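The values are calculated or read from the model by the stated rules, or taken from the named source; none is laboratory data. Because the structure is a prediction, the values reported are computed rather than measured. Cβ sites come from the backbone with ideal geometry, for glycine too, and all protein chains shown count toward neighbours. The protein model used for the area step is the full one, side chains on, heavy atoms only, and it has no ligands, DNA or RNA in it. Shrake-Rupley method; radii C 1.70, N 1.55, O 1.52, S 1.80 Å.
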Amino acid sequence: MRRHSAQLIHQPDVLPWLGANFWSRTGGPLMWRNYDPAVVREELRVLAGHGLNTTRSFFYWPDFHPEPDRVDDELCAWFEDFLDAHVETGMGTIPTFIVGHMSGENWDPVWRGDRDLYEDVWMVGRQAWFVSRMARRFKDHPAVTGWLITNEMPGYGRIYQVDPPSTDVVTAWAQAMCNAVRATGATQPVSLGDGAWGIEVTGRDNGFSLRETAEYVDFVGPHVYRSDTDRPRQHYRAAFECELASVTGQPVVLEEFGLSTDTVSAANAGIFYRQTLHNSLLGGATGWLAWNNTDYDDLWDRSPYDHHPFEMHFGITDSTGAPKEPLRELAAFAGVLKAVDFPRCSRTDADAALVVPAFLERGYPYSRPADRPLIFTSLHQGYVTARAADLPVALTREADGMPGEASLYLLPATRQLTTRTRRELARRAAEGATVYLSFCSGEHPVTRGPWFDDLDGLFGVELQLSYGVAEPIEDDVLELTFTEDFGDLRAGEVLRFPVAGNEDSRAYLPVEPRAGRVVAVDAHGRPALVVHETGAGRTVLSTYPLEHMAARTARVNPDVTQRLYGALAQLAGVRRPVTVADPHVSADVLVHADGRRFVWLVSQSPDPLVVRPAAEGKLHDLADGAPVQDVALDAYGVAVLELR
């Protein structure tokens with residue numbers, strides 16, 4: 001299966017985009033009111049000196065569009081100087097048009113009143129007029145390398161948790177805004193700046209659909225800030241959301257990510273950046289824009305910093321312009337991108353697929369939005385587990401008919417499938433694939449049990465459920481004992497899993513084997529893992545929601561489920577070019593257009609490690625080409641090597 005790695009190619013001198021969202025320390029969102037050309041140039045020189053090539057810049061809407069039919073020419077002159085400063089430092093910038101939301105506050109032009117930004121025709125016209133005026137004015141400047149329509153419009157146009165606009169309304173609005181850019185003759189790539197927080201990524205319908213707006217945009221830009229209870233899951237969060245955001249096949253730019261150093265130590269801020277940058281690259285991101293360029297200590301008494309004080313310290317430099325740990329990590333990452341010639345690299349194909357149920361993004365009649373968080377968290381945990389098993393996976397969507405062919409299909413803690421998918425999985429197993437599914441009862445009491453037909457026939461069992469009753473897991477630790485060899489797991493070996501979930505989901509599936517054979521039992525002798533040989537392949541059923549239990553457990557990774565995934569990969573004949581015995585270290589490969597291969601080793605260990613990877617070839621140092629056997633990794637460290 002092809003793993004997504006599309007790249008922008010329009011302006012090689014500033015690609016791939018690596019940079020920061022930019023507000024000058026002289027004013028934050030109000031920087032244009034007291035613009036200081038010398039300070040801006042100093043700020044840009046620091047970024048460029050650390051290998052950054054791009055900023056995302058902002059037309060603060062209340063200031064740039066003070067009246068419905070007028071733009072502020074003085075501020076536009078300052079913005080032109082800002083663009084000139086980018087050329088002087090060898091950088092590009094991505095202007096953002098409708099900036100009415102920023103750093104925890106919404107900012108309206110005084111003339112907006114209570115007009116709706118999406119459905120009031122006059123208001124949509126004023127936005128399109130402003131976008132057109134600004135694009136026409138700056139489209140020919142060599143510093144402009146892209147355009148963004150908004151900043152996090154779902155939190156500004158309407159608060160989507162309360163009153164989300166419909167998808168067709170948002171799509172029509174997006175069409176009008178993007179057409180306004182292109183009608184000027186501007187040729188730079190365009191995207192929406194909405195954060196990719198819509199239903200295809202998060203399972204929450206905020207009106208912004210990546211599928212529906214794909215016709216009008218050139219790239220997708222996730223904004224990733226959500227937190228977790230498990231550090232490796234946190235480190236893979238941006239990567240996983242980039243994988244989901246690639247649903248349209250367009251380039252994925254990690255448009256916003258970062259943290260306030262009011263909330264973490266300096267060292268841990270650097271670790272988070274290192275992990276996010278490298279893991280998102282391995283997850284298909286091909287551009288990175290940190291939030292944000294500087295701290296704002298001198299603006300402590302102004303909005304939004306007076307009521308969101310932690311927003312003052314998201315900077316990759318401090319308020320004097322000195323680099324912080326995140327900027328040092330960005331500089332190191334820039335060096336890696338250059339060393340591997342990243343614009344000519346792509347991800348390797350995958351023999352394993354993580355199946356994304358259509359219920360994440362489709363509003364089937366009488367299905368419940370409450371099902372979607374379970375799908376998201378189980379998939380996220382399955383993705384982290386696959387990484388720990390050095391198992392390259394592609395995401396394949398049920399809603400698209402699961403395009404491509406894989407040797408191994410993973411359906412972690414999956415409750416809902418359509419009838420077509422149930423039959424397609426059976427067909428693929430019969431033709432030689434291995435199909436793995438772990439049972440999950442769901443997190444609410446409506447229609448407990450599997451929401452797909454003939455589980456018995458698919459897995460060679462007879463389920464023993466009683467109507468409407470979940471069979472509770474009463475142990476605090478699930479002990480899974482293998483009764484025969486399974487991949488590299490040996491008969492008699494025991495895997496232990498912490499049990500978690502609510503009263504509905506902390507449940508197992510009682511079954512009796514029929515055509516399937518039991519390869520592992522729980523501590524009570526009940527079937528826990530059943531293999532059903534069918535045609536040239538097989539299906540594998542876990543009667544416990546392993547990934548869901550892990551997803552609901554703090555500090556669980558690397559979860560022991562990675563041993564099961566490794567055994568499944570071996571059983572299915574999945575190609576893993578590089579593996580590491582220590583599950584704290586994940587391995588993956590990028591391939592260059594000239595055939596060279598580059599190996600990433602990413603550690604999730606809080607302690608330094610020395611590992612000896614097993615590879616289909618010889619590993620060599622990236623700098624001097626010397627052969628490498630043992631690789632030293634710092635705590636949460638990353639090593640990049642060449643595989644020959």
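General remarks:
- Set of the stretch 474-516 residues, backbone N closer than 19 Å to the point 7 Å along the Cα-Cβ line of ALA554: 476-477, 498-503
- Residue-wise HN-Hα couplings along the stretch 607-617, as the Karplus relation 6.51 cos²θ - 1.76 cosθ + 1.60 with θ = phi - 60° gives them from phi, are 10, x, 9, 10, 10, 10, x, 9, 9, 8, x Hz; Gly and Pro carry x.
- The label point for GLU533 and the one for ASP84, both projected 7 Å from the Cα toward the Cβ, are 7.8 nm apart.
- Residues whose amide H falls under 5 Å from that of TRP23, counting only those 5 or more places apart or on a different chain, are ASN293, THR294, with hydrogens built in the peptide plane.
- Rounded to 10°, Cα long-axis angle of helix 37-49 versus longest principal axis of the chain: 30
- Summary value for the stretch 578-643: 36 percent relative contact order, contacts being C-alpha pairs under 8 angstrom separated by 6+ residues.
- For ILE473, distant residues with modelled amide H under 5 Å away: ALA507, TYR508
- Surface composition of the stretch 164-272: carbon plus sulfur atoms hold 50% of the accessible area, using a 1.4 angstrom probe and ignoring ligands, DNA and RNA.
- Candidates GLY535, LEU289, PRO326 compared by Cα position along the dipole of the chain: farthest toward the positive end lies GLY535, with charges placed on Cβ.
- Cα long-axis angle, helix 325-339 against the chain (0 to 90 degrees, to the nearest 10): 80
- Accessible surface, per residue, of the chain when the full set of protein chains is kept, probe 1.4 Å, Å²: 35
- Using R0 = 35 Å, the C-beta based FRET efficiency linking HIS308 and ILE9 works out to 0.40.
- Segments 273-285, 8-20 sorted - mean Cβ within 10 Å per residue, highest first: 273-285, 8-20
- DSSP bridge pairs, the chain: antiparallel proportion in percent, nearest 5: 55
- The phi-based Karplus calculation (6.51 cos²θ - 1.76 cosθ + 1.60; θ = phi - 60°) puts the 3J(HN,Hα) values of the stretch 340-356 at 9, 6, 4, x, 10, 9, 8, 6, 6, 5, 10, 8, 10, 10, 9, 7, 9 Hz, whole numbers, x for Gly and Pro.
- Ranked by the mean number of other Cβ atoms within 10 Å of their residues, highest first, the peptides 217-229, 403-415, 85-97 come out as 403-415, 85-97, 217-229.
- Helix 121-138 axis versus longest C-alpha principal axis of the chain: approximately 70°, rounded to the nearest ten.
- Contact order, relative form, for the stretch 18-344: 18 percent (alpha carbon pairs under 8 Å, 6 or more residues apart, mean separation divided by residue count).
- In the list (1) 108, 56, 46; (2) 78, 60, 43; (3) 93, 70, 42, the label attached to Cα extents along the principal axes in Å as derived from the coordinates here is (2).
- Heavy-atom accessible surface of the stretch 352-572: percent carbon and sulfur, 1.4 Å: 48
- Point-charge dipole on Cβ atoms (K/R +1, D/E -1) for the chain, about Cα centre, debye to 20: 1440
- Rounded, prolate or oblate (a/c below 1.5 giving rounded, otherwise prolate when a/b exceeds b/c) for the stretch 308-397 by Cα gyration tensor: oblate
- For the stretch 323-377 versus the stretch 284-313, the gap between their alpha-carbon centres in whole angstrom: 24
- Value at 222 nm in deg cm²/dmol, rounded to 500, when DSSP H runs of n ≥ 4 in the chain each add -39,500 (n - 2.57): -8000 deg cm²/dmol
- Between the stretch 566-628 and the stretch 103-153, the alpha-carbon center distance in angstrom: 46
- Mean Cβ neighbour count within 10 Å, used as a protection proxy, ranking 595-603, 431-439 highest first: 431-439, 595-603
- Per atom type, the stretch 578-643 shows carbon and sulfur on 50% of its accessible surface, probed at 1.4 Å.
- Computed over the chain: relative contact order in percent, which uses C-alpha pairs under 8 Å that are six or more apart: 12
- Alpha-carbon centroid distance for the pair the stretch 246-260 / the stretch 15-78, whole angstrom: 21
- Simple label model, 7 Å out from Cα along Cβ direction - ALA581 to ASP454, nm: 4.5
- Within the stretch 94-115, backbone nitrogen closer than 15 Å to the virtual label 7 Å beyond the Cα of TRP122 toward Cβ: 110-115
- The stretch 515-597 shape via C-alpha gyration tensor axes, a/c threshold 1.5: oblate
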